[in-house]
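Worksheet: the structure to be examined is printed underneath.
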Amino acid sequence: MNGDDMDGMDSMEGMDDMDDMDTMDGMDEMDSMDDMDMSAAPGFNAATFTKPSDQMLRQQLSDIQYRVTQEDGTERAFNNPYWDEKREGIYVDIVSGEPLFSSRDKYKSGTGWPSFTQPIMPEILVEKEDRKLFSVRTEIRSRHADSHLGHVFTDGPQPTGLRYCMNSAALRFIPKGDMAAAGYGDYIEMIAPPIS
């Protein structure tokens, strides 16, 4: 890593679970995420969503997706599919499909994880205090599926000054051209190219 790549490591996002991180090579497991059958996921409906059982989640999710979303793990930096994603689209929770982030708010933070300045709507995320490491951090979870997504830090660009540092394993990316068919047509106006 060069000096620029180390800038985001000061926040220690990638140190959630260092003992297990070396064994979490999630890139191979997640290569097929964009190829998922979207006919089985017609958007997200909070009124009808029920979180699947643990047994069902273990069957539906890859090892890295389960480890991150259900056990608060962290995938490897620079070895995940969305850290450098530049297409326009929406990022949804891998478990529930609830909309989380727009490409409009994505930027290259240099940390090796997908980073955003804000969620697609403020009320869709839950913040929790995280004291697992040497400092207090703010964990970010999805509201309905209660998936661990990552953390938010106050070292992001303006206008928010925030960096939502997320795990690709907790997300599913839906390109703008596929959003209507996938049930996310109402969000198309919120989609634009990434900041950087």
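The values are calculated or read from the model by the stated rules, or taken from the named source; none is laboratory data. Everything numeric in this text was worked out from a predicted model, so none of it was measured. Neighbour counts run over all protein chains shown; Cβ positions are idealised from the backbone, glycine included.
Restricting GLY97, GLY110 to those that are buried (at least 16 other Cβ atoms within 10 Å of the Cβ), more than 21 Å from ASP72 (Cα to Cα), touching a residue at least 60 places away in the same chain (Cβ under 8 Å) and in contact with a Gly (Cβ under 7 Å, 6 or more places away or on another chain) reduces the list to GLY110. In the stretch 55-94, the residue that is surrounded by the most Cβ atoms within 10 Å (Cβ to Cβ) out of those that are aliphatic (A, V, I, L, M) and more than 12 Å from ALA170 (Cα to Cα) is ILE90. Considering each residue of the stretch 141-153 in turn, at least one proves to be at pLDDT 95 or above, surrounded by 14 or more Cβ atoms within 10 Å (Cβ to Cβ) and farther than 21 Å from GLN70 by Cα.
Looking at the stretch 154-175 only, could you name the residues that are surrounded by fewer than 24 Cβ atoms within 10 Å (Cβ to Cβ) and hydroxyl-bearing (Ser, Thr, Tyr)? Selection gives THR154, THR160. Scoring MET9 on the criteria (1) of a type in the set (A, V, I, L, M); (2) at pLDDT below 95; (3) loosely packed, with under 13 Cβ neighbours inside 10 Å; (4) over 21 Å from ALA180 (Cα atoms) leaves a single failure, condition (3). Filtered by the rule that a residue be under 22 Å from ILE191 (Cα atoms) and either assigned to a strand (DSSP E or B) or among the hydrophobic types (A, V, I, L, M, F, W, C) (or both), the stretch 151-166 gives VAL152, LEU162, ARG163, TYR164, CYS165, MET166. Scanning the stretch 113-162 for residues that are without any contact (Cβ under 8 Å) to a residue 12 or more places away in the chain and either among the hydroxyl-bearing types (Ser, Thr, Tyr) or touching a Pro at 6+ places or on another chain (Cβ under 6 Å) (or both) returns a single hit, THR154.
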